[in-house]
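**Q** One structure, pasted below without further comment.
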Amino acid sequence: QSPSLFMHKELILDKTSASKTSQKFRQLWHLAPNMKTSKGKRGVVTAVPNSGENAKLWMIPVDMDGGNIRTSSTDVIKGRTLPRQGWVSEKMLDRQKAPAVQMSSSGRSAEMLTVMVPTSKQAKVTTSIKGIGNGNKQLTVTIDGKAHKFKITPDGKIQAL
């Protein structure tokens, strides 16, 4: 599923087909070397630039079954060598440690929804999701008290409400 951009919020829904055996599914988000990350409750990661800018990126995993967070794990990796993860290279033979956010889920299939929202450092972001009939879901992303609603269809289409 390709990302959908709505009013400076990015909603990414990755879906896999069922397999015969349990698998580990991962989303990897590579950030710039100058980003400082913090891992909060329920797998939410925020990243702010070391430059002192008044900016924050929220990376929020959402449980498609109606909970506030999907049953998975979130890790921030920086400069790992086995397996190699958490590096960027801007030119040949050069590498820098940089945060990579890994959101993982295990099972025979996966449906991983991640909400990314750039805000000021002081902003507050929350998400909620609920069923609205016929297999459709309504995702609400609340930024500083203002709710933004989206419909997610069973086949993974996302549209603003």
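The values are calculated or read from the model by the stated rules, or taken from the named source; none is laboratory data. Everything numeric here is computed off the predicted structure, so don't read it as measured data. Methodologically, a virtual Cβ is constructed for each residue, glycine included, from the backbone with ideal geometry; neighbour enumeration extends over all protein chains shown. For accessibility, only protein heavy atoms count, side chains too; no ligands or nucleic acids. Shrake-Rupley method; radii C 1.70, N 1.55, O 1.52, S 1.80 Å.
**Q** Take the Cα atoms of the chain, find their three principal axes, and give me the spread along each one in whole Å, biggest first.
**A** Taking max minus min along each principal axis of the Cα atoms, the chain gives 52, 43, 27 Å.
**Q** In the chain, what % of DSSP beta bridges are antiparallel (nearest 5)?
**A** So the antiparallel bridges amount to about 100 percent of the total.
**Q** So what are the ³J(HN,Hα) numbers for the stretch 124-133, from phi and the Karplus equation (6.51, -1.76, 1.60; θ = phi - 60°), rounded to whole Hz, Gly and Pro as x?
**A** Couplings: 10, 10, 9, 9, 8, 9, 8, x, 10, x Hz.
**Q** Heavy-atom accessible area of Glu10 with all protein chains present, probe 1.4 Å, nearest 10 Å²?
**A** 70
**Q** I'd like the carbon and sulfur percentage of the solvent accessible area for the stretch 47-161, probe radius 1.4 Å, heavy atoms only, ligands and nucleic acids excluded. Numbers along the way, then the final one.
**A** Values: 2940 of 6090 Å².
The C+S portion of the solvent-accessible surface of the stretch 47-161 is 48 percent.
**Q** Under 20 Å Cα to Cα from Lys157, which lysines show up? Leave out anything in the same chain fewer than 8 places away.
**A** Lys9, Lys15, Lys130, Lys137, Lys149
**Q** How large is the dipole of the chain about the Cα centre if only Lys and Arg carry +1 and Asp and Glu carry -1, each at its Cβ, rounded to the nearest 20 debye? Present the calculation step by step, with values, prior to reporting the outcome.
**A** On the way: 26 positive and 11 negative charges, 59 e Å.
With only Lys, Arg, Asp and Glu charged at Cβ, the dipole is about 280 debye.
**Q** Non-local amide H neighbours of His148 (under 5 Å, H modeled in plane, Pro and chain starts lacking H): which ones?
**A** Close amide H contacts, sequence-distant or interchain: Val141, Thr142, Ile143.
**Q** Could you report the accessible area of Ile132 in Å², rounded to 10, computed with a 1.4 Å probe on the protein chains as they sit in the structure?
**A** Only protein atoms counted, so the area is about 80 Å².
**Q** Turning to a different aspect of this structure: Give, in nm to one decimal, the length gained when the segment between Val88 and Asp144 is fully stretched (0.36 nm per residue of separation minus the Cα-Cα distance).
**A** 16.9 nm
**Q** Please express the shape of the stretch 20-102 as an equivalent ellipsoid: the semi-axes are the square roots of 5 times the eigenvalues of the C-alpha gyration tensor, given largest first in whole angstrom. Numbers along the way, then the final one.
**A** On the way: eigenvalues 128, 74, 14 Å².
In descending order, the three semi-axes are 25, 19, 8 Å.
**Q** Tell me, what HN-Hα J-couplings in whole Hz come from the Karplus equation 6.51 cos²θ - 1.76 cosθ + 1.60 at θ = phi - 60° for each residue of the stretch 94-107, using x for Gly and Pro?
**A** Result, ordered by residue: 10, 8, 10, 5, 8, x, 10, 8, 10, 10, 10, 9, 10, x Hz.
**Q** Mind listing which trypsin sites (Lys or Arg not before Pro) in the stretch 18-85 are in a DSSP loop and have 12 or fewer other Cβ atoms within 10 Å? Before the final figure, lay out each step's value.
**A** On the way: sites: Lys20, Lys24, Arg26, Lys36, Lys39, Lys41, Arg42, Lys56, Arg70, Lys78, Arg80, Arg84; in loops: Lys20, Arg70, Lys78.
Counting only loop positions with at most 12 other Cβ atoms within 10 Å, the trypsin sites (Lys or Arg not before Pro) in the stretch 18-85 are Lys20.
**Q** Quick check for you: with a 1.4 Å probe and neighbouring chains kept, what is the accessible area per residue of the chain, in Å²?
**A** Working: 9220 Å² over 161 residues.
Ligands and nucleic acids excluded, the result is 57 Å² per residue.
**Q** A follow-up question, please. Label Arg80 and Thr21 with points 7 Å out from Cα along Cα→Cβ: what is the distance between them in nm?
**A** Using points 7 Å along Cα→Cβ, the separation is 2.1 nm.
**Q** Suppose R0 equals 35 Å; then what is the FRET efficiency for Asn136 and Gln102 from their Cβ-Cβ distance, rounded to the nearest 0.05?
**A** Values: r = 29 Å, r/R0 = 0.84.
So the FRET efficiency works out to roughly 0.75.
**Q** Rolling a 1.4 angstrom probe over the protein chains, ignoring ligands and nucleic acids, what is the accessible area of Ser109 in square angstrom, nearest 10?
**A** Counting only protein heavy atoms, Ser109 exposes about 60 Å² to solvent.
**Q** I've got another one for you. For Ala98, enumerate residues with amide H under 5 Å from its amide H, sequence gap 5+ or separate chain, H modeled in the peptide plane.
**A** Gly79, Trp87, Val88
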